[in-house]
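The numbers here are math on the coordinates, done by the rules we state, and not lab data. Small disclaimer: the values here were computed from a predicted structure and weren't measured. Cβ atoms come from the backbone with ideal geometry, glycine included; neighbour counts cover every protein chain shown.
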């Protein structure tokens, strides 16, 4: 009988704890702000100039970065400038990845914008950092399109800076 009473008390405590965790998770889910997209503005320094001045290589790396972060590619367009530099964009179902390079300076400016929960632009950032052999890199992560928790409309406020590294 003592074992049955102890088991019943233990079950009640487990149920209380489980309910408490579930309520806390629901509260966090409804009170944390939701955003339509993540926008990573990346700076890559001291990169391999031979990579940055090769339109075909840049196109392949940008496509690979999109796939690596879980994006769905829709279209792409890249252009080689004379005497040097590449600009391009990979349009993805979740938004876009864009780049402009200055090979003579070993520098690339990259714009990684994703919407929804499916892909993470920071994964694309890390992929490109390695692919460009960048010795120094930084990024700012913006949260864009803040949704009002009550009305589900987009709040008319500027983006939120989530991270800067």
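What three numbers, in Å, describe the spread of the alpha carbons of region 106-165 along their principal axes, ordered from the longest?
Computed over region 106-165, the largest-to-smallest principal extents equal 46, 22, 14 Å.
For region 32-165, what are Rg and Dmax over the alpha carbons, in angstrom?
Final numbers for Rg and Dmax: 15.4, 53 Å.
In whole angstrom, how far apart do the alpha carbon centroids of region 135-165 and region 31-87 sit?
Spelled out, the Cα-based centre of one part sits 20 Å from the other.
Relative contact order of region 34-164, please, whole-number percent, based on alpha carbon pairs below 8 angstrom and at least 6 residues apart.
Working: 312 pairs, mean separation 46.0, N = 131.
That works out to 35 percent.
For 84, 100, 79, 39, what ranking results if the residue with the fewest other Cβ atoms within 10 Å of its Cβ goes first?
Details: 84 14, 100 18, 79 11, 39 21.
Lowest to highest Cβ neighbour count: 79, 84, 100, 39.
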